[in-house]
Amino acid sequence: MNKKIAFFDTKPYDKKSFIEVNKDFGFDITYFETHLNAQTAPLSGNFDGVCAFVNDNIDSTVINHLVEHGVQVLGLRCAGYNNVDFKAAYNKISVVRVPAYSPYAVAEHAAALMLALNRKTHKAYNRTRDGNFSINGLLGFDMHGKTAGVLGTGKIGKCLIAILKGFGLNVLAFDLYTDEEYAKETGISYVSLEEIYKQADIISLHCPLTKDTEHLIDAKAIDSMKKGVMIINTSRGKLINTKDLISSLKSGKVGSAGLDVYEEESEYFFEDKSTEMITDDTLARLLTFPNVLISSHQAFFTREALHNIALTTLNNFKEFFDGGYLENEVCYKCDGPCLKKQKKRCF
Ligand code: NAD
């Protein structure tokens, strides 16, 4: 298939997996390292499709530019789609995404953050390499028997619950849509957010970023949590009000935080900034806490996930150019996955 696709925000590992998988598709792909935004959108002229990632800012200016220059389809090579102005895209350009590529990868990373924060392995690693074999200050707690609160029991939340049950934690869950059969099978309970905040020793976020979930974790929510609570966010940065998190880390109300995502990550995450000053004071402050572990949006980053991302993304483009039904379309009118999938009209 000789359709031309412009890939934005590509790193060597993206290129490697897409080149391999594209052997079976034959698209004519050009890889740009730059983000897709209003300034770089002109690079997409003469392409049939555009592929973007989590920190590309696909606002109305970008959408209009793509449409005016004949781009027919925008393929997101990620699950989240909060960075796209769907209102601007509606009826002008099709938007497709990769709804699932490896929920295990993200859930396992959330668990890794929990274990490292609890047993302070990030500090132990540095200590022993420096000849310091003291264990003072590295005291953790048994996770067995503690209570975890999982917010969002979709694909990733459910994988994490399986891991946490394996460790012997009690799991409380919150979701807009409760799955009582699943709860019964796995021995978890769906409760209110307030109940989770009151009881949980560890809270892990696995819901999408929407207008309802933006700053879900703010000063008010944190006030109602247990003292010393551990908060894990592998979902989207804006689920947490970072300034409120910093205040509660300073006061000791929050005992530790594992963050794979950050509100203003787009300028830093995925980039090597080690020779530059960090000008984002909030991020710089977060990095000073010994009980905060930040990873750079790498929860998805496993071999299996990269392969699945490439396969689904290229298949999404193929479905579009073949003119068939779009399995993974995201639709503005449906406020998420398109209801056409269920053979219902979405408008
Ligand atoms: P999913 O769609 O399978 O599950 C999301 C769940 O959240 C659903 O059960 C939904 O009902 C629930 N939900 C929606 N709004 C809610 C609300 N207001 N309160 C509570 N629950 C709510 O999605 P998933 O595959 O499990 O992914 C979850 C999120 O993880 C994605 O939205 C994405 O932002 C993030 N993610 C991060 C990475 C990473 O590398 N860090 C990778 C993939 C996905």
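Listed by Cβ neighbour count within 10 Å, with the fewest neighbours leading, 181, 20 appear as 181, 20.
If you run the Gaussian network model on the chain, springs between alpha carbon atoms under 10 Å, then out of 134, 296, 17 the most flexible one is 134. Comparing 129, 119, 236 in a Gaussian network model of the chain, where Cα atoms under 10 Å apart are tied by springs, the biggest mean-square fluctuation is seen for 129.
Rounded to the nearest 20 debye, the dipole size of segment 1-150 about its Cα centre is 540 debye, using +1 on the Cβ of Lys and Arg and -1 on the Cβ of Asp and Glu.
Taking the fewest neighbouring Cβ atoms within 10 Å as the starting point, the ordered list for 297, 35 is 35, 297. Since only 162, 239, 274 are under comparison, the one whose Cα sits farthest along the positive direction of the charge dipole of segment 103-294, derived from C-beta charges on Lys, Arg, Asp and Glu, is 162.
Considering the zone a paramagnetic label at residue 179 would reach in this model (a point 7 Å from Cα along the Cα-to-Cβ line), which residues of segment 85-101 have amide N under 17 Å from it? What the label zone holds, given the 17 Å backbone N cut-off, is 99-101. Projecting the Cα atoms of 25, 262, 86 onto the charge dipole of the chain, computed from C-beta unit charges around the Cα centre, puts 262 farthest toward the positive end.
Remark: spin-label model distance residue 4-residue 68 equals 1.9 nm, labels positioned 7 Å along the Cα→Cβ axis. Which whole-angstrom value gives the distance between the alpha carbon centres of segment 193-219 and segment 241-255? A separation of 14 Å, based on Cα centres. Considering only the chain, what is the antiparallel percent among its DSSP beta bridges, to the nearest 5? Here the share of antiparallel DSSP bridges comes out near 5 percent. Assuming charge only on the beta carbon of Lys and Arg (+1) and of Asp and Glu (-1), the dipole of segment 103-294 about its Cα centre is about 800 debye to the nearest 20.
Around the Cα centre of the chain, unit charges on the Cβ atoms of Lys, Arg, Asp and Glu (plus for the first two, minus for the last two) sum to a dipole of about 620 debye. In terms of other Cβ atoms within 10 Å, 171, 106 run from fewest to most in the order 171, 106. The percentage of C-alpha pairs in the chain whose separation is greater than 30 Å is 41%. Of 328, 132, 287, which is farthest along the charge dipole of the chain in the positive direction, counting Lys and Arg as +1 and Asp and Glu as -1 at C-beta? Comparing the listed Cα positions along the dipole, 132 ranks first. The Cα center of segment 115-174 and the Cα center of segment 36-98 differ in position by 38 Å. Using the Cβ-Cβ distance between residue 128 and residue 288 with R0 set to 25 Å, the FRET efficiency from 1/(1 + (r/R0)^6) comes to roughly 0.65.
Value of Rg to Rh for segment 4-139, rounded to two decimals, is 1.17; Kirkwood radius and Rg both from alpha-carbon coordinates.
Per residue of the chain, the DSSP helices (runs of n ≥ 4 H) give a summed -39500 (n - 2.57) that works out to -10000 deg cm²/dmol at 222 nm. Of the trypsin sites (Lys or Arg not before Pro) found in segment 1-56, those that fall in a DSSP loop while having at most 11 other beta-carbon atoms within 10 Å are 23. Sequence-distant contacts, meaning Cα pairs under 8 Å at least 6 residues apart, place the relative contact order of the chain at 16 percent.
Coordinate-derived values only; no laboratory data. What you see is a predicted model; the values in this text were computed from it and never measured. In this analysis, Cβ positions are derived from the backbone assuming ideal geometry, glycine residues included, and neighbour counts consider all displayed protein chains.
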